[in-house]
Every structure is written in C-alpha cells, then in structure tokens.
1. Identify, by number, the condition in (1) crowded, with 19+ Cβ neighbours inside 10 Å; (2) modelled with pLDDT of 80 or more; (3) over 22 Å from L118 (Cα atoms) that L273 doesn't meet.
2. Since T83 meets every condition but one in (1) buried (at least 20 other Cβ atoms within 10 Å of the Cβ); (2) at pLDDT 85 or above, which condition does it not meet?
3. Hey, can you tell me all the residues within the stretch 137-161 that are crowded, with 21+ Cβ neighbours inside 10 Å and touching a helix residue (DSSP H, G or I) at 6+ places or on another chain (Cβ under 6 Å)?
4. Please go through the stretch 444-492 and pick out each residue that is assigned to a loop (DSSP other than H, G, I, E, B) and hydrophobic (A, V, I, L, M, F, W, C).
5. So which of Q648, Q674 ends up being surrounded by 16 or more Cβ atoms within 10 Å (Cβ to Cβ), of a type in the set (S, T, N, Q), at pLDDT 85 or above and touching a helix residue (DSSP H, G or I) at 6+ places or on another chain (Cβ under 9 Å)?
6. Sort through A553, A548, A588 and tell me the only one that's part of a helix (DSSP H, G or I), touching a Phe, Trp or Tyr at 6+ places or on another chain (Cβ under 9 Å), in the same structural domain as Y627 (by TED's automatic domain parsing) and at pLDDT 85 or above.
7. Between D485, D438, which is over 26 Å from T109 (Cβ atoms) and out of contact with any strand residue (DSSP E or B) (no Cβ under 8 Å at 6 or more places or on another chain)?
8. Restricting the stretch 481-507 to residues that are under 21 Å from the mean Cα position of the chain (by Cα) and basic (K, R), which is surrounded by the fewest Cβ atoms within 10 Å (Cβ to Cβ)?
Amino acid sequence: MKVDRLKGVVATTGARIVAEVAPPGADRAGPIEVNAAAAVDLLKARVDATVPGQLETPERQALRTLQLQEGGRKASLSELERTIGSDDLVDLNYLLRGLDAARPVGRITILDGGGRALGDATGFLITPNLLLTNQHVLPDMAAAAASRVDFDCELDRLGFPRPTTTFAFDPGRFFVVDPALDMALVAVRARPLKGDARLSDFGWLRLSPEVGKINVGEAITIIQHPNGRTKQVALRENRLLDITADHLTYESDTAPGSSGAPVFNDSWQVVALHHSGVPRKDAQGRWLLQNGRPATDDDDDADIDWIANEGVRASRIATTALAMAPAGALRDELEACCQGRVETPVPATERSTGPILVVGGAPVGPSAAAPAGAAVLTVPLTLAISLGQTSGPALAAGAGVGAIEKVVEPWHDPNYPGRTGYDPRFLGLSVPLPTLRDPSVAARMHDGGVVVPYQNFSLVMHRARRVCLFTASNVDGSPAAKEPDPTRSYNRDALGGLAENDFERWFLDPRLPADAQLPDRFFDKDRKAFDKGHLVRREEVCWGADYAQVRRANGDTYHVTNCTPQVAGFNRSNRRGVWGLLENLIEAQGRVERYSLFAGPLLAADDPVFVGVDDDGPIQVRIPRAYWKVVVARGQAGLEAFGFLLEQDLTQVAFEFAVDPVWRARMIPLNTLQDRIGLIRFPRAVMRADRGA
C-alpha cells in the first residue's frame, strides 16, 4: 500500500494512541509524532517490566484460557503456559495450523477503472464467499469492482512460485464498509479470472465476536503480502502492547505489517485486522524508511520504519459487520461462520470424510459419530441428512445431478488462415526460426508448408515420429496483455468454454495429415503412462491485444501437434517435475519482460518404443528421453540466450533464473545442443547470444 493512501489513517492512529495512553508529561499541544512515540515507549516499558498474564485480571486470564478451546480444539500444555509467559516453546502442530491459516490469505491488486495499478494490499476470506480487508484499500464499490485478489501467491517447498489463481470481487452482491474501523467486507466471484483452483479450495478464517483471545505481552503473528510480494509471515516477532475497545497496538521492530493482513495469536486465531501504525519520523516530521531515508508518497507501507503497528480487533469487526450486513444468504453465511456454527475446512490430507450434519447435538449419517477431522455443521433441524461419504447401495435418484463428467473439445477458432504464428521481431531484434538440417523429416501441411502457425506460436512436426521437431513461441506476461478486457474471465474453463466437470479432449490439426499426428486416443489409452504435456505452455501464449486473441491462443494449445508424451513426474510442477518448474520460472519472468522460446524433444534413434493405439489401431511410438528449451531475452547489451536440456528422470532440483550453479550444471552450449538434436540449426543471432557457451 502506497504511503499517500495511508496518511489520513496513520494520523488518526497517532492521535488515538496519544489520547488513550496519555504519557506522563507529554505536551498535548506538541507535535503528534512526538507524543505518539512517547506513548509507544511507555507501552513498551510497561510490557518489558512484566510477563504475559501479569497485566490481566484473573477473570480475563480465565477467558483467555477458555478461548483456546474454540472450535473444539484441545489446548496443549505449552499453549496454556505461553499465555502466562512461562514457556516459549510451541507444539509441532503449530506449524500445521499456520499452513492452514495461510491458505485464505490473498494478495489484492488495487486497480482503477481503467485497469491502472494503484498498489497492493492483503485480504483474507472470513466465509466461503466474503473477503475482509481495509476500507482504505477498497474504499467504495467502484474500487472493489476494478480490483483483483490472487491466492496461492507463495513459494513452494523448493522455493519456486506456486501457480496462482485470480478472482474478481463482486461488490454488487455484498459490500460493507466502516471507515471508523477501517474495514471493508466484499463478496468474491466464485469463478476465477485466471488459474485452475476454486474459491472453495482456500477455506476461510473464523472472525469470532468473542473477546479474550489474546492478552498484553503475548506474541502475535502476521501473514501478509508486503509490497505485493509472495506471501510472508512475521512469525512471533511482535508483542501485543495494548488493548482498547476497538484496537490492538503491537510492536513492529523487525516485521512490519501489510494493509489488510490478519493478525493471529499463538493459537492461530484471528485477533485483529492490521491497518495502520506509528511511523518513525525525522526532525522535519517526515516519515522514515527502514534505510533511514525520508519516505515519498510512492513508497510502500512495508518499507516504512514503524515504531508500532495497530490492528482493529476481530471481535469488534465481527459484531459491526453483522450489524451492518443486509439481510440475505451471505449475511446468514457470515453469522454462521463468525459464531462457529460452520467449522473451517480441514485440509484434505487430514480429512477422513466430508461435512457431517449435526441435529440436536449428535451427528447423523452412515456412522454414529462424526469422524476425526470431519467438518461439522450444527443446525436446529429434525431432518436427518448426511453430507459425508456413503457406502452400500447406490445414491438416491437425482443425487449427483450436475456433477456429470464430460470429455469435450475446448473452444478453438476454425478460421486457420488468420493465424500468423511466431513473430521473429517480437523482441525488437531479429530472432529467426531454427532451420532444419534435413527438411525431408518434417511433416508438410496440405498446402505444402512446413511451419504450422498458431496464435503467438508456431511449430514443425516430425513426419515419422508424429511429434514436434520444435516449437517457437512469444511470451508476454504483462497484465495488460494477459487480461486486455478486465470485464472478461481468463481462467482455463472460461477461455475453453468448459463446464466445471468437463475434461479437455485434444484435437487434430486439419491442416496436417492425420498420420503425422498422435491423436488424443493415444494419450487416453496409454495405460496412464504419460501426461498430455503442453510443449508450448498454455499460460505462456495466452495473451493478446483483445479477448479474442487470448481465447484463440488458449484453444490453439490443445491441438495434438502441441502434445508430447511426458511422464507426470517430469511434466508437472506440483510433482516437482523439472520441466514444469522451468515453465513456472519462465512464466514468472514474463510478467516483467518479454521472451521468445524454442523448445522440443531430443529425438534419438534408440529412444524406447511404446506400444499404444491411435484412431486406426495398435501403433509403436518412440518416446523421447529428454526435452530441450532455449530462452531468448533482450538484455542491455542485446540478445541473451539460455539453453537447457532436461531428461525425463530428473527430479527435485533448485533453480533461480539468473542462472544459479545448480541449473548451470543443466545448461548446455547451444552448438553442443544443436549437435545433440541433430535435426535443426539455431539462428546465428541466437548462437551469438548463447550464455551457456
């Protein structure tokens, strides 16, 4: 969040802290930053002189202990001891609960009506459909309608970016703001704009209206997206300094918060919505950055040297939101989630069955008791219904209607003469296509051409092997190119015209002979040996000047000419496959600069033979052992090219694109790679730019 959007909120915070703490000897007529700093120092000194629990009454301490059992949790001995400051150890399940708590936290991109980025912030789901953030982040319905939220914007266990899913807000369905509490609560559209996850995959965090979830002196944790970066955690580095009717004040010596981030106690219960703070200032009253320089209006709040941070109490937000919310299904959902009548989802790895409906305090369904880890919904009904797994006879008539799975072709443009394919001048310098050493190995289109053009990419097929010789694509990951019309949805299903339970059927390119292509049947009847691997990744080429171009590019990637037999452990980034991980890295780089890519299989004469079937019957296909990729970028001194050769049995390697030692060991000089491929020649401009030589 930019400084210029925070000044009013911060001024109010400073005045409030001065009024509430009233440091002895402070000149109320003096500069507010001096009084606020003195007030914070007084709070810190008071907490330093005590331990958690000693500042509270016995009644407050008893309430704190009771809140540890929220949602049916069992409070451990270390949790109880931490509330009175006698133990700083945490149980192992503290880490598991932290991962659960991070899932509903998203990165908000603040946009104006013209799609111009105004800044970034944090928000989090508090029901399956409602997201909470600050009012100074989404001040009105127009701002909410224009902005976006990304989930899973984080690094995986190996340090690679996870695929994110982007959703639009739906303020017309639900939008509640309270400037006094600096809170905004808005509905999120269920279908993503981009990405493959569903909103229900991310769960939500309970915003309890009950008080007593944290005491002064206890550690707090903040999950956030500072500066719009990947998800970060300020883990137990801040202490709670003060509790007032509406706000919590906490230290921020080393880990600043981010506007709209959830603030947690040591049991991962939400205790506040982070919104403001007290910045350190120089003698001229200017805010200071952490490096000591005066801040400008364009600097981000995460770079400010905060003396203390402030959050709005979760209990206060819950009661206010319920009082302000208009009657309807979403208000009912909010009330049920806040009051704990709907338990937050348990991760699939820990869940033994689906939700169980509880009637009269007892679970009903195929078993007499709710299984461990089951999500429980308590409602005052006498109707016995189970939403868990069933066994025995088939489901009753009508059950499962709407969940029928179909295999359909994604939408694609049949007007092939309009395709222009790979653009050699895409980078502003000439990057021609590779050339074939022996043109006779290539499959020819019915018009005699060899290079098959699509939207934003081209390819050449090997006639006998029935797979690509090489692909050539242009990558532009800028937001304007990825989503040229912000009113449209750009996720996989929307672009492909697919329903929720549809599966893609890949299709032949009618411009080529059918016997030069491996049909979809080969991959469906392969005894689950291979993925349908996009050689040209869908996300890399789905960009354009308008929605029609983006949709055309999406459909073009489902031609079987772009499909190659890759094992899942090689192709999928979520299984740590190096091909997928390299694709993730290139896609992330494409958000800040353009690239051209060449890729293909390394076709060796002794590749192993796989016996499969095509549309005419049994066939034998040689399966490539390795794949290559060449990334061509424009650097300050001209073109830069990076060549990679990845074998299908490679797994779990680290990578940084600039290129770190682990991946440099996988790089190969382009002249060597060209000799290994044997069938093509790279352009001279690319050879001269080789960074692997």
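The values are calculated or read from the model by the stated rules, or taken from the named source; none is laboratory data. Bear in mind that the values here come from a model prediction, so they are computed numbers and not experimental data. Neighbour counts run over all protein chains shown; Cβ positions are idealised from the backbone, glycine included.
1. Checking L273 against (1) crowded, with 19+ Cβ neighbours inside 10 Å; (2) modelled with pLDDT of 80 or more; (3) over 22 Å from L118 (Cα atoms), the one that fails is (3).
2. Here T83 clears every test but (2).
3. Within the stretch 137-161, L138, F151 meet the criteria.
4. Of the stretch 444-492, the ones assigned to a loop (DSSP other than H, G, I, E, B) are 444-451, 454-456, 463-467, 476-478, 483-491.
Passing the criteria: M445, V450, V451, A464, V467.
5. Working: Q648 fails: at pLDDT 85 or above.
The match here is Q674.
6. Numbers: A548 fails: touching a Phe, Trp or Tyr at 6+ places or on another chain (Cβ under 9 Å); A588 fails: at pLDDT 85 or above.
Matching residue, one of A553, A548, A588: A553.
7. Details: D485 fails: over 26 Å from T109 (Cβ atoms).
Being over 26 Å from T109 (Cβ atoms) and out of contact with any strand residue (DSSP E or B) (no Cβ under 8 Å at 6 or more places or on another chain) holds for just one of D485, D438, which is D438.
8. Among those residues, the one meeting the criterion is R488.
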